[in-house]
1. When the residues of the range 83-94 are narrowed to those that are surrounded by 12 or more Cβ atoms within 10 Å (Cβ to Cβ) and not aliphatic (A, V, I, L, M), which ends up farthest from T69 (Cα to Cα)?
Amino acid sequence: MKTKVLSVAALALGLTAGCAFAQSSTVTGAAGGAVTGAVVGGPVGAAVGGVAGAVVGTAIDPPPQKVVTYVREQPLPEEETVVRERVVVGRPLPETIVVRTVPQNPKYAYAIVNHERVIVEPSSRKVIKILN
């Protein structure tokens, strides 16, 4: 019973650690998840946390600095889009939000949502980075 509880706790903390490292690479996500899992659940927790962290790290790689600079330099639209949902890295934007492709790098797109500039992956609309 204790093993199950520790495994679930390690998985939960591993996913939390993975989200904290979401704007890093797969290696960083795996390492962070493994360390957090090991602290909570020992070797089993390290394995579970490492896998969870790697999945999150793989899913979201940070955009290049040129893309970030381009998005920051774009003028704000006259009418900004405001949605009730919280914009979160790793989740897709609602279909009602207009997404514009970055011309120099069509692998990325951006939108202005709830007064924040957001960089997304165009086909899935998944949020990659929120610019403050």
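1. Checked the range 83-94; the qualifying residue farthest from T69 (Cα to Cα) is P94.
Let's see how each residue does on (1) surrounded by fewer than 18 Cβ atoms within 10 Å (Cβ to Cβ); (2) in a strand (DSSP E or B):
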| position | (1), (2) |
| --- | --- |
| T96 | yes, no |
| P103 | yes, no |
| P106 | yes, no |
| Y110 | no, yes |
| V118 | no, yes |
| S124 | yes, no |
| V127 | no, yes |
| I130 | yes, yes |
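Where a number appears in this text, it was derived from the coordinates with a stated rule and is not lab data. Predicted model, so just to flag it, every value in this text is computed and none were measured. Glycine gets a Cβ as well: all are built from the backbone with ideal geometry, and neighbour counts include every protein chain shown.
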